[in-house]
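S.K.: One structure coming up, written as structure tokens, with questions to follow.
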Amino acid sequence: MKIKIKILAIFLIVVNTLKLDAQSISSQINSLKHRLATTTSQTLRAQYLIKLGNLYQQIDSIDQAIEAYNKALEYIGNSRNYPLLYQLNSFLGILYSEKKDFASAEKHFSSAVNYAKKLKSKSRLSQSLLNLGNSQRELKKYKEAISTYESALSLAFSLNNLQLAKQAYTYMAMCYKALGDNERYFKYFNLSVAIDKKIKEQIISQKEEEARRQAELARQKDLKLQLQRYRMKNVEDSLQQVRLLNEKSKIRIALLEKEAKLKEMQIKQREAELKRKEAEKRLMKTIIAALVVVLLIIIIAGVIVFKLYRDKKKANEQLAKLNAELKAINLELEEKNRVIAQQKEELEWKNKQIQESIEYASKIQRAILPSQAAIMQNFPEGNFIFYLPRDIVSGDFYWFSEQNGYKFMALVDCTGHSVPGAFMSLIGNTLLNEIVNANKSFDPSDILVELHTRLVNLLHKKEAKEIEMQDGMDIALLRFDYNKKELVFAGANQPLFLVYPDGRLEEVDGDIFSIGGYFGNFPIKFRNIILPLEEGTNIYLTSDGYLDQFNGKTLKKFSRKNFVELLQKIYALPFNVQYKKVLDTFEEWKGDYRQVDDVLVIGVRFTSNIKKDENE
């Protein structure tokens, strides 16, 4: 629920986001307070309070932000400024949800629903209904939440918003599970899975079309883009394989129809045989009767014998015709079976070719990753990389570079997995090398902004009237400064975990923007979070594949909470043992359940000894 609320928060941001340090934000807050004290205009007061609330949000002062937005509502509550009223109530609903005050959140999301109706905005109304349902579900008002989700679901289908429909089905399944209605829980859970599959199929289709265009444009550019075109050919071969499978299915359907026709003919043959036997019985009865009445038998027997002979002849002709048809059908079936066997061999050969191509692509993808020796050389006190693609190739990758006395490390989680995710990982790795190694950009926040801009331009993403989910990547970027003994962290929807030598664990969240996403007209900015490092501090990064893995028995996700507890248990162990614990914990939790996503976990230990050795 927290992630969905943050998505709405992106849409509701109405002020230009600037990169401000704590001193600058404090100065702006004091300035706004002074203006509030000196103005008597209710409109200006409301505007100043909204800006004040936005600044408080930037420094995570949630209570003060709530107070500012509530005061702003008092000034404009009776106005007809429905867009602003919708915005303020949505903001308050988000903040109260952050504070776990779901009763207040329900009140404000309900108001947001009413204003969205007045604005006649289906997109706003559908998202507000989804948020209202989440608040009701947290308050255990499951029946009310189900009704609210059904309204959101209806709007989602009218907007053709499959992502919203999937969320509504998922939350409805959760409500029915809480009510103990397992039949409806599995029904809506399966509907959610089916829509998720359709969304992924659409994403794959879009990526295939985009990959074709990119491959054609990049024909003469460089070897890496030519490699993408080669992989595009493999995707087309996969599509051809699907078409062959469809043809095979059509042939099987035709065979089933022929078999049904054959059974029908067999039934007719049995009926004809029964008629023949019945005729013979009637003949026997006639002969017996003839023994009693000889004279009558002579007259009647001639007529009956002739009639029976004619019927028998007709029945035999029908049997001969049916036998001929059966023989023709058998010949046709034999020919179809031969064709199916041949197509099966062709499909098996193509499957083998595709498998070998993907395995070769995996070797290429691993070749671009930093070597374990390079990581060990730069973090000799200890490190591990737990890298487990869901399929052969992965949408997660790690990156390392050393420039201008800094050491850079990144964990990147690209949209999708398998072949589409691998495409995105190659693009991400190439862009990072260009930005840092070639263009000499060393500021982490600037690197993420430049990466976002280049990825959007590369994928030809256009502006839209409504905010939608976009393809891209989440990234945690670290810059180590050994002279200052500090770490600069910039994150795009990715967290950082620090465990100090005394066992203290610090969680640092990155910004809520994703690289490559669409955020309307709002400029994308990322924060630089500066963290002083103590000697022997452990730094950990993880993709969401580890946290989102379902348990084979309970069907619950592993979650961030369990991950933090795992780090607190293993941080003091040798890193080869830490790697084994991370691997064993993942496998035990997963059990017999399939792996749902690519997994990447990185752990390193900071020590300034390596820097001292280099200076010496």
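S.K.: By per-residue mean of other Cβ atoms within 10 Å, what is the highest-first order of 63-74, 327-338, 90-101?
M.R.: 90-101, 63-74, 327-338
S.K.: Say R0 is 51 Å: what FRET efficiency, to the nearest 0.05, do E317 and L347 get from their beta-carbon distance?
M.R.: Details: r = 45 Å, r/R0 = 0.88.
The pair E317/L347 has a calculated efficiency of 0.70.
S.K.: What does the highest-first list of 437-447, 383-393, 35-45 look like by mean Cβ count within 10 Å?
M.R.: My ranking of the peptides, most packed first, is 383-393, 437-447, 35-45.
S.K.: Which length gain, in nm to one decimal place, applies between A367 and S147 when the Cα-Cα distance is subtracted from 0.36 nm times their residue separation? Walk me through the numbers on the way to the answer.
M.R.: Numbers: separation 220, 0.36 × 220 = 79.20 nm, distance 5.20 nm.
Difference between extended and current length: 74.0 nm.
S.K.: In cubic angstrom, how much convex hull volume per residue do the alpha carbon atoms of region 344-462 span?
M.R.: Expressed per residue, the convex hull around the Cα atoms of region 344-462 is 132 Å³.
S.K.: Then there is this: Apply the Debye scattering formula to region 59-98, with a single equal point scatterer on each alpha-carbon and no solvent, then give log10 I(q)/I(0) at q = 0.31 Å⁻¹.
M.R.: So the normalised log intensities are -1.07.
S.K.: If you don't mind, there's one more thing I want to ask. Based solely on C-alpha atoms, express the radius of gyration and the Dmax of region 317-414 in angstrom.
M.R.: Rg and Dmax of region 317-414, Cα atoms, are 28.7, 98 Å.
S.K.: What full-extension length gain, to one decimal in nm, is calculated for Q355 and D391 as 0.36 nm per residue of separation minus the Cα-Cα distance?
M.R.: That pair, Q355 and D391, stretches by 11.9 nm at full extension.
S.K.: Using θ = phi - 60° and the Karplus relation 6.51 cos²θ - 1.76 cosθ + 1.60, list the HN-Hα couplings for region 23-30 in order, rounded to whole Hz, with x at every Gly or Pro.
M.R.: With coefficients 6.51, -1.76 and 1.60, one gets 5, 5, 4, 4, 5, 5, 4, 5 Hz.
S.K.: Shifting gears a bit: Expressed as a whole number of Å, what is the distance separating the alpha-carbon centroids of region 277-338 and region 137-154?
M.R.: Spelled out, the Cα-based centre of one part sits 71 Å from the other.
S.K.: Between L505 and E486, what length comes free when the chain is fully extended (0.36 nm per residue of separation minus the Cα-Cα distance, one decimal in nm)?
M.R.: Fully extending the segment from L505 to E486 adds 5.2 nm.
S.K.: Among A65, T40, S26, flag the residue with its Cα farthest along the positive direction of the charge dipole of region 21-80, charges on Cβ as +1 for Lys/Arg and -1 for Asp/Glu.
M.R.: Towards the positive end, the residue furthest out is T40.
S.K.: Let me ask another. Extent of region 132-218 along each principal axis, from alpha carbon coordinates, in Å, largest to smallest?
M.R.: 55, 23, 20
S.K.: If you don't mind, another one. Accessible area per residue for region 288-412 in Å², computed with a 1.4 Å probe and the full protein assembly in place, what is it?
M.R.: For region 288-412, the solvent-accessible area averages 61 Å² per residue.
The values are calculated or read from the model by the stated rules, or taken from the named source; none is laboratory data. Computed from a predicted structure; not experimentally measured. Cβ: placed from backbone, ideal geometry, glycine included. Neighbour counts: every protein chain shown. Heavy atoms of the whole protein, side chains included, go into the accessibility calculation; ligands, DNA and RNA do not. Shrake-Rupley method; radii C 1.70, N 1.55, O 1.52, S 1.80 Å.
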